[in-house]
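Engineer: To start, I am sharing the structure in question, which I have written as structure tokens.
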Amino acid sequence: MHRFSNRTEYSMGKFDSYKIPLKSLSDGKHSFEYQMDDDYFNKIDSPEIERGDVKVEVTLNKIASTYALQFKLEGLIFISCDRCLDEMEQEISYNGKLYVKFGDDLSQESDEVVIIPEGDGVINLAWYLYEFVVLSIPVKKVHPLGACNKDMALRLEKHIINKIADEDDDESADIGDRDTKREIDPRWDALKDIKDNN
């Protein structure tokens, strides 16, 4: 899903190299290449990706006033491990399409169809490329087994053991409370009185 509110700043100077002047292109296919490096991720102020090196190939096919963009992204990014929070390498691979049409305002018809103002006639791919990278990150981001920060892994293991122990203590206390309640249940006392009288 594309967040248009974040795109205004990407039309400015620091991402000029990611602009494609659609109106000036001739009909047919056009190729573009980009490199998403540490400088790119620093400029885009990414909360998830610390740095990276991702090669981008874009094939644009212009047919009349419709532009079909095919994206291929391959490379590495560096993100935080969910388990130990240390930096880890994550391979990235993404293939996708984006269709661009002209209209009055910047809007989105679907996940793959974007309308840009005809007066501008330019699309800046900086934010789209970032979103494609984010979509490529797996839900579970962890180092390979044994590669986590050992100190953090030991702390996590200790925390899990303590949590399990606390839960076991709480469960034992609940069982003890239930047993106590059964012992003092007044119905049992009434039955005991009947038995003693006989």
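The values are calculated or read from the model by the stated rules, or taken from the named source; none is laboratory data. Computed from a prediction, not measured in an experiment: that's the story for all the values here. Cβ placement follows ideal geometry from the backbone for every residue including glycine, while neighbour counts extend to all protein chains displayed. Quick note on the areas: whole protein, heavy atoms, side chains included, nothing else; ligands and nucleic acids left out. Shrake-Rupley method; radii C 1.70, N 1.55, O 1.52, S 1.80 Å.
Engineer: Report, by residue number, each residue of region 117-148 that is of a type in the set (A, V, I, L, M), in contact (Cβ under 8 Å) with a residue 60 or more places away in the chain and under 26 Å from Asp39 (Cβ atoms).
Structural biologist: Scanning region 117-148 gives Val122, Ile123, Leu125, Ala126, Leu129, Val133, Val134, Ile137.
Engineer: Mind checking which strands (runs of 3 or more DSSP E) fall wholly inside region 28-120 and carry at least 2 residues that are touching a Gly at 6+ places or on another chain (Cβ under 9 Å), open to solvent by less than 60 Å² (accessible area, probe 1.4 Å) and over 30 Å from Val142 (Cα atoms)?
Structural biologist: Passing ranges, in order: 51-63, 113-117.
Engineer: I would also like to ask the following. Quick check, is Gly121 at pLDDT 75 or above, in contact with a strand residue (DSSP E or B) (Cβ under 7 Å, 6 or more places away or on another chain) and at positive phi?
Structural biologist: Considered against the rule, which asks whether it is at pLDDT 75 or above, in contact with a strand residue (DSSP E or B) (Cβ under 7 Å, 6 or more places away or on another chain) and at positive phi, Gly121 comes out as yes.
Engineer: I've got another one for you. Output the qualifying pairs, or none if there are none: Cβ atoms under 6 angstrom, residues six or more apart or on different chains, first residue in region 98-110 and basic (Lys, Arg), second residue in a strand (DSSP E or B) and exposed (fewer than 15 other Cβ atoms within 10 Å of the Cβ).
Structural biologist: Final answer for the pair search is Lys101/Thr66.
Engineer: Take the conditions without any contact (Cβ under 8 Å) to a residue 60 or more places away in the chain and touching a Pro at 6+ places or on another chain (Cβ under 9 Å) and apply them to Asp45. Does it pass?
Structural biologist: No.
Engineer: Ile137 - would you say it is modelled with pLDDT of 85 or more and under 30 Å from Leu25 (Cα atoms)?
Structural biologist: no
Engineer: Scan region 128-142 for residues that are part of a loop (DSSP other than H, G, I, E, B) and out of contact with any Lys or Arg (no Cβ under 7 Å at 6 or more places or on another chain) and jot them down.
Structural biologist: Ile137, Pro138, Val139, Lys140, Lys141
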